[in-house]
Each structure stands twice: as structure tokens, then as C-alpha cells.
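The structure appears right after this line, and notes come after that.
The values are calculated or read from the model by the stated rules, or taken from the named source; none is laboratory data. Predicted model only: the values in this text are computed from it and were never measured. Cβ coordinates were reconstructed from backbone atoms using ideal geometry, including for glycine residues, and neighbour counts include every protein chain displayed. Accessible surface is based on the protein model in full, side chains and every heavy atom, while ligands, DNA and RNA are left aside. Shrake-Rupley method; radii C 1.70, N 1.55, O 1.52, S 1.80 Å.
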Amino acid sequence: MSVEPILSVENLSVRIAGLHILQGVSFDVAPTGVTVLLGRNGVGKTTTLRAIVGLTPRNGEVRGTIRMGAQSLLARPTHRLVRGGLGYVPEDRCVFAGLTVAENLRLAERRGTTPAYDKVFALFPELDRRGRQRAGSLSGGQQQMLAIGRVLLNDNRLLLVDEPTKGLAPKVVTEVAEVLERVAESVPVLLVEQNLAVVRRLAKDAVVLSAGRVAWTGNAQDLLLETALTKSLLGVGSGEVPASARSESGLRAPQSRAKDGAA
Amino acid sequence: MTEVKSPEVPAPPAAVPDELTPGHARWHGLRPYLPLLALVVAVILPYSTVNLPGVFEGPLNSPGTLQLLAICLVFGGLAAGYDLLFGRTGMLSFGHALFFAVGVYGTAILVTKVGLPLWQAALFTVVGGTILAALLGAVALRTVGIAFAMVTLAFAQVGAILVARNFGGLTGGEEGLTLDVSGLPSALVGVANTVNLYWLALAYLALVVFVVHRVSMSPTGRVLAGLRDDERRIGVLGLDPYRFKLVAFTLAGGLASAGGVVYSLLVGASPHVTSSELTLSLLVMVVLGGPGTRWGPVLGGILYMYLDHRLTAFGSSDAVNSLPAFLSHPLSQPLFVLGTVFILAVYFFPGGLASLRTRLHPLLTTLSRRP
Amino acid sequence: MNTVILLTLTGLGLAALYFLVASGLSLVFGLADVLNFAHGLFLGVGAYATWWAAGNLPGAGPDGFGFVLAVAFGVLAGTVVAVLVELVLIRPLYSRTIEQVLVTVGLSLAGVALLQATWGADARPFDRPAWTREVTSILGAKVSNALLLLIIAAVLVLGGLLAFLRFTRYGLVIRAGVENREMVTALGIDVRKAFTLVFAIGGAAAALAGALGGVYFGTVSPGQGGSLLIFAFIVVVIGGMGSVVGSAYAAVVVGLLQQFVNYYGTTGLGDLCVVGLLAVVLLLRPQGLAGKVATA
Ligand SMILES: Nc1ncnc2c1ncn2[C@@H]1O[C@H](COP(=O)(O)OP(=O)(O)O)[C@@H](O)[C@H]1O
Ligand SMILES: [Mg+2]
């Protein structure tokens, strides 16, 4: 890579409750565009993103180095990292169901900066209209918009977005992808995404995790062209995204059984 | 190790086999018999007339000392039983004193008010306590973690209310109940027979240690340990955490009511045994001793009760009274001292007394290796 | 009829006490996952500090404005103790739930013993304004003013707390944190500041309960907090942990149930009914009347 990466992860190792989930993961995130983090269910993509924002559970242990520019991220509290320009959109959206949409957004406001409501409402006019509605009563797509909008209120140096299209209807998937495409024009994104159509549309670089390690890095479009490779790494062909691959439950159960056998 | 040829290079200490350090070998050979040895010493202790001034008020075989020791033993057993919940299964119950209180009051009421012979009273009490534990556990275990703690606390409060309100004059309210000695075997009555109660308490302790040990070594015990470490994993294995927890809860409840029977013979029934304070002290005993270990909770229970009794004497001693008031007043409160020690232990001594050995081990090996 | 009104009002008075203790307990638990056994200590500190101030603090006294000052001093003392407990003892054990509970257990034992060491184990008479010893006639029932004071105070605290939670930034952070603490930090907010804040709020409310409870009962004793605490725990579980409104409803239900059954049944039966109610709620609705699921 000719340019300095915005984020570089080196030899990241995470143990949770005695399980060695990430075993020395290293990759870089380019300073522009979307870098996609791929891998089968339960391989540790979410764990990677959470380790980057410092959200490892108490029974977890993180080793290695994570750098944003010259700055080391490990061992810094999450709220500091986020205020330093690391935006995190978690898996399953995690909007505050009991609060209104407006309150969810207000929570993300920061002292000393002007929140970019214009930008957010331009992307998601829906959020403006539904300001007084409880976030828990929004549809899945609207909740995802809220989760992304919340992060876009502030300036970010890097966005971490975890499976934003999970469980959404095809039409909404396209909408979310469009938004991410526009967002990625101004801020680099590290995206976890299972929907290969979305990957094809957005991703510039790809990092593939397998068995706790990085199995492949390079140009995302190249990866998608190699059907056999994609299939072996992700368990799906790059041509289509079968419904079975998107159902979480179908893949999780054998995964966790294998894990318990090993433990 | 074969490449270490030059005599100037000392072999690393860790490479010295155990057999080469004679003290070590003897120690290792003896270790399995230490509990037995301790038991034998405890059994013959009442034949000793040794005086330990400062430690006990009278000689070892005096009734006062034996009574104190017996109380300590009962609480050692009680703490070991409680550890089946807290240390070995990870359940934070604040209601354990309830089952102890059932044992205490059940015996006292059945002997004194109903007039049953002791063995029947004891049997009914322990069976009743076990059933009660099963029933309450079935409800309380629908919650987990902190909510479970609160619910068990509330159930224990029922016991406290029942005893305090003295329904039908059964419990004696504030005064408590003293056992009607006419219904008791003569070997358990009178100051001269305190030694028999001491042996009974010792037998109770041995029973609890044995049962807890057997359970934790059994397949069930391994599931319980799994629940403590990560409940979800047990669920994934297709085992029902609820049932296993209920078994542990019921067993611990039964053991506690058996302890209550012994305590009732020793001291009689007083409303203090129903207080939430007692449950909290059980937790203190286990944590001080070392949760999840075989001897930690026993030691914790014994030591706690000993200190609880002796600190009162210590608090009114001249040494403390001569201190300025801001020191002497708090120091005369055993619970102040114990509570503070407990907080410090949580911070600085997470493994409790039982971790002392591993902590001191490096020190001991260094000392024993000195020529 | 008079009896019913009187029982209702005494029940509400009891509910007021429960609410003052439970609301803080519930917020502390809902936000920080801390089951605070030392909460009864805050109540004791409030009661003793008020009692001490009424006798010793310049300007404070058992009557008029002096009494307001004494209560304010008691509330301040409770708040300070609560904040210190959070900063010094709870915070270093952040997210180690069991250890935190253990520390508060140790603190409740040691703290009550310390109160006892300082002021003796026996109840002390509480100097209170003369008017609180008089009665007001409400719909024919003669009700003690101290009781009315307690009820009014609890209603004001409830209103204030709800307004605080709804209209302030910190209130928003607390509500969000009760729902998902981790996500609050992921939005760049230091949620631990909110922990200190809920401890302060809880300490203040409990201390107020101690002071006004002292006025109502006419005495203070070291163990007072402990027995109230258990019923406050029940209120918290029934109301749903982390929900102030839930605590208020549950406190009213528990207080009235206790008073009425204790009066029409036998003494003590009401207390048992409350525990029975707890069991029923847990079986039917483990998450409490409102609030997050207790079984998770
Ligand atoms: N808190 C936790 N406790 C135990 N295991 C966990 C925890 N979080 C994640 N894991 C395990 O770590 C592995 C990786 O999970 P995750 O990062 O969520 O995978 P992905 O996002 O790639 O689907 C899974 O096997 C999961 O079961
Ligand atoms: Mg994931």
C-alpha cells in the first residue's frame, strides 16, 4: 500500500472466557473508501471491531497493537476513542429502544462541537419526521438508519460498521448500501458485511478471517471474482447470496458445538 | 538439561526433583493424611488440659472453651455447605441463614413445644428444611445473578418475620427458646456433657466436608463448576442449568438445617439466627476462607466465629480501652473489625485464606532450600 | 371509613419511605449493576447526621428553619458518603459485579457497627419540630403531620427525579445507560460519571428517608436502615430494576398491602403477603412491573 493506513491492526489476539477467538490478526485499513472484513459466522469479526473500540468483555483478554495514525488505541477507554473520531455502529443496531429517535440522536451530541443534524437529516429524512417516536417501535431498517445517523452527527476519522444489512428486506438493504456509499466518500469505513452484493458494490479492500487468523487480504473485487476461493473462505459463492447463508441460526449452532468440544 | 555440563552453571532450582529435597518429599507423602490427622487431633482435643491464655479463657477441656469451639465447628460446616452454592456453583444466595434457622427453631419447637424425642425432632427438621429449600429454590432459581440474591434475601426475611412475630407463641419472639432438657438424652444435657456436643459438632463438620467433597468430585459437581464458570456453555451442552442449581440449593439447604439442629442443642434458639446479618456473615466466612476450596470455607467459618466471640472480649480489654475513643469504640465492635477486614480481603486477598499456601509457596520453598 | 383512610395514609407513608430508599437502589442497580447493601447505611448516616445537626450545628435546630437546615445537613452527609463509597470502593471494581456486592456487604456490616460504636446500639430520641407531632384531620381521620410530611417529600422527590431524568442531559444518559451501558460509552460518553451521579442521588434520597423517618418514628437507631432495606429490595424487584416509576408503583402496592393486611389480618401477615407478592411477580413477570429483565 502506497499510502499510510488510517488504522493498522497488528498481531491482535483476543481470548474470551478461555477461548482463543482471535489468534494474531494483522491487517490495515486504507485511509479512503470501504475496507470490508469478511469471514464465516462466529469467526470473530464482531470481536475484532469491538477490540478496536475497546469493548472487550471483562472475562476477555486482548493482546497485540492497534494503531490509528501514530496513536495506540489499546488500553484507552471506549468513550475516549470514540471522541477521538472512531465511530462505531454495532451489530444488531443497539438503538435505545425506550428513548425517542430525537433522544437517541441527542445522546450522541458532544459538548464543544455542533452536531451535524443537517447532514444526518439530509441522508435520513425519516429520522427528522419521526423524532418523537420511540426507537423501539421503528422498523429494522429505520433503526439501522438511526444507528448510522447517531454516529454521523459528529466528525469521524474512521467508521466501524458491523453487519448493517443483517436481517433487512432487500429494498432496505439497497438503501443502506447507498447511504454507506455516500458516507464512504468522506470518511474511511471498516465494514463487516455478509451480503456479497453489498460487498461488491462498496468494498475496495477486503480482509478475510478464518479460524482466528487473517486468511486473505487484497482487493475486494479480485476476491469476488475468484468464486472457488470465496466459497472456501466464506462458505458461499460470490455469484449469489443464498438465503441459508444469511440465516444466523443455521450456522451458529454447529459452530458453538465444535468450540465446546475443543474447550 | 544434558547440555549443562559446566559445573559453574548451577542447575535451575525448578529442575531439582522433589525427591531430592527431603523435607518436600515427606510433606507430599503426608498431605493426603493431614485432614485425618486434623480430625484425630480435634477428636482428642477435649482430653487436653492445656491452657492457652489470651486464646481461650479456660483450659481446652473447660466447658466454656469447648462450647466456643463447637460453635466454631458448626459454622465451619455451615460455611462449607454455603460454599456449595457460592464458591462451587456461583450462586449468590442471601437466604442461606433461613435454612439454618429452620434447623434451630424446628428442633427447639418440636422438642420443647411438641415434646417429640430428639431424634424424631431432628429428623423432621432436616427433612422439612430440605423440602423447604427445594420449594423456595424452585421459585427463586427462576431468576439469576443479582435478582436471585434479592429474592433469596426476601425469603429469608420471611423467616425473620415469622420468628419475631411469635405466631402462636411458638418461637418465643425476642427472647427465643431454650430447649426443654427433659426431652433430651442425658448425654447431651448439662455443662459436664459439653464435650459430647463438641463431638457432635465435629461430626457435623466432617459430614458436610465429606458430602461437599463427594458432590464436587462427582459428574454433577463438574456441571456445577461449569455453571459457575459459564452458564451458557452448560446450556449449549443440552443440560438444564435450573435442575442442577436446584439440586445444589436443596442439598445446601438440608445441610444447613442439620447444622441448625446441632446449634440448637448447643445454644438454643434466638432470633439472631434469622437475621440477614447472619447470611451476610456466611458470605464473609466463605470469601475470607477462599470460595470453591475444600478447606477455605471451613477455616473461614471457624475463624470468623472465633473472632466474633473473642473480639468482643478483646474490645473490652484494657489494651483497647486505653486507646483514644475514636479508636477504642469501633474496635470494640466485632462487626466493624470483621467488615473492614472483609473489604480489605476482597481487594487484596481475592482467594482468601486458602490462597495463602500458593502465595506463600515460593517463600516456603526458598526457606526450605536454604542449607 | 376513618380506619380505611388512616390505613391508606399510613400505608402511603410507608410507601414513601420505601420509595425514597428503593428509587436510588433501583437506579444504582439498573445503571451500574451494583446491588448496594450499603444503601441502608446512607439512610443511617442521613438520620444520625440530621439528629446530630439539630443538636450541635450552629444555626440548625429542632424547629422551623433550623430544622430545614438540619435535614439539609443530613441529606448532604448521606450524599457525600454515597459519593465517597462509589469513588473509593466501588469504582476500582468496575464491572466486577460480585466483588462490588461483597464490598457493599462488608461496608454495611462495618458501617452499622461504626454508627453503633459512636452513638450506641439503643434508639435515640429524635428532636423534631413541634408541629410534626400534631395531627391533621383528613376526611375525618386524624393523621400525623410527620406522616404527611413524609408523603409530600416522597411525591416531590418522585416529581423531581422524573423531571431530571426526562429533561436533563444527565437524565438522558442515565436512562440510556440503564438500557445499554456499553452503547452509551460507544457514543463517546463517560458513563462512570453517571454512576457517581446515581450514587449521589440514591444517597441523598436515602438520607432524606432517614431524616424524615426519624421525624416520623421519633427515634434513630443504627439498625433502622437494614430492616427497611430488605423491603426496599423487594420493591425494586417488583417494580423492575432501573425504573423509578416502577419503584413508585411497587412502593405504593407494598406499603398499602402491608398496612391493610397487618391491620385486618394479624401483625406480620402483611409482611408475609409482600414476600408472597414478590414470588408471584417473579413467576408471572420476571422483569418486574416495568424495567429490564431480571433473569438476563
Ligand atoms: N462474550 C462472549 N463470551 C463467550 N464467547 C464469545 C463472546 N463473544 C463472542 N464469543 C465467541 O467468539 C466467537 C466470535 O464471535 P463474533 O466475533 O461475534 O463472530 P462474528 O461476528 O464473526 O460472527 C464466537 O464463537 C462467539 O461464540
Ligand atoms: Mg458478528
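Of the numbered criteria (1) among the small types (Gly, Ala, Ser); (2) more than 29 Å from B:ALA154 (Cα to Cα); (3) in contact with a strand residue (DSSP E or B) (Cβ under 9 Å, 6 or more places away or on another chain), the one B:ALA206 fails is (3). With the structure loaded, tell me whether C:GLY202 is within 18 Å of the chain's Cα centre (by Cα), open to solvent by less than 10 Å² (accessible area, probe 1.4 Å) and more than 11 Å from chain B (Cβ to nearest Cβ) or whether it fails that test. When the stated conditions are applied, C:GLY202 passes them.
Rundown of residues vs (1) small (Gly, Ala, Ser); (2) more than 14 Å from every other protein chain (Cβ to nearest Cβ); (3) surrounded by fewer than 24 Cβ atoms within 10 Å (Cβ to Cβ), yes/no style:
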{"residue": "C:MET1", "(1), (2), (3)": "no, yes, yes"}
{"residue": "C:LEU6", "(1), (2), (3)": "no, yes, yes"}
{"residue": "C:GLY30", "(1), (2), (3)": "yes, no, no"}
{"residue": "C:LEU35", "(1), (2), (3)": "no, no, no"}
{"residue": "C:LEU43", "(1), (2), (3)": "no, yes, no"}
{"residue": "C:ALA49", "(1), (2), (3)": "yes, yes, no"}
{"residue": "C:GLY61", "(1), (2), (3)": "yes, yes, yes"}
{"residue": "C:PHE67", "(1), (2), (3)": "no, yes, yes"}
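Scanning the range A:150-167 for residues that are assigned to a loop (DSSP other than H, G, I, E, B), more than 13 Å from ligand 2 (Cβ to nearest atom) and buried (at least 20 other Cβ atoms within 10 Å of the Cβ) gives A:LEU153, A:ASN156.
Per the conditions (1) surrounded by fewer than 19 Cβ atoms within 10 Å (Cβ to Cβ); (2) touching a residue at least 12 places away in the same chain (Cβ under 8 Å); (3) within 13 Å of chain C (Cβ to nearest Cβ), the sole criterion not satisfied by B:LEU323 is (2). Within the range A:46-57, being within 9 Å of ligand 1 (Cβ to nearest atom) and part of a loop (DSSP other than H, G, I, E, B) holds for A:THR56, A:PRO57.
Considering every residue within the range A:96-114, establish whether at least one is within 12 Å of chain C (Cβ to nearest Cβ), away from ligand 2 (no atom under 16 Å from the Cβ) and closer than 30 Å to A:ALA206 by Cα. Scanning the range A:96-114 turns up at least one residue that is within 12 Å of chain C (Cβ to nearest Cβ), away from ligand 2 (no atom under 16 Å from the Cβ) and closer than 30 Å to A:ALA206 by Cα. Picking from residues in the range A:154-213 that are of a type in the set (D, E, K, R) and within 16 Å of ligand 1 (Cβ to nearest atom), the one that is nearest to the chain's Cα centre (by Cα) is A:ASP162.
Answer yes or no: is there a residue in the range C:234-256 that is closer than 30 Å to C:ALA117 by Cα, surrounded by 24 or more Cβ atoms within 10 Å (Cβ to Cβ) and facing chain B (nearest Cβ under 10 Å). So far as the range C:234-256 goes, yes, one or more of its residues are closer than 30 Å to C:ALA117 by Cα, surrounded by 24 or more Cβ atoms within 10 Å (Cβ to Cβ) and facing chain B (nearest Cβ under 10 Å).
Filtering the range A:150-164 for residues that are free of Cβ contacts under 8 Å to residues at least 12 places away in the same chain and either out of contact with any helix residue (DSSP H, G or I) (no Cβ under 8 Å at 6 or more places or on another chain) or within 26 Å of A:ALA206 (Cβ to Cβ) (or both) leaves an empty set. Residues that are open to solvent by 40 Å² or more (accessible area, probe 1.4 Å) and in a strand (DSSP E or B) were ranked within the range A:22-42; the one that is farthest from ligand 1 (Cβ to nearest atom) is A:ASP28. Given the condition in a strand (DSSP E or B) and hydrophobic (A, V, I, L, M, F, W, C), answer yes or no: does some residue in the range A:64-72 qualify? So far as the range A:64-72 goes, yes, one or more of its residues are in a strand (DSSP E or B) and hydrophobic (A, V, I, L, M, F, W, C). Among the residues of this structure, C:GLY46 does not count as one that is more than 28 Å from C:GLY239 (Cα to Cα) and of a type outside the set (A, V, I, L, M, F, W, C).
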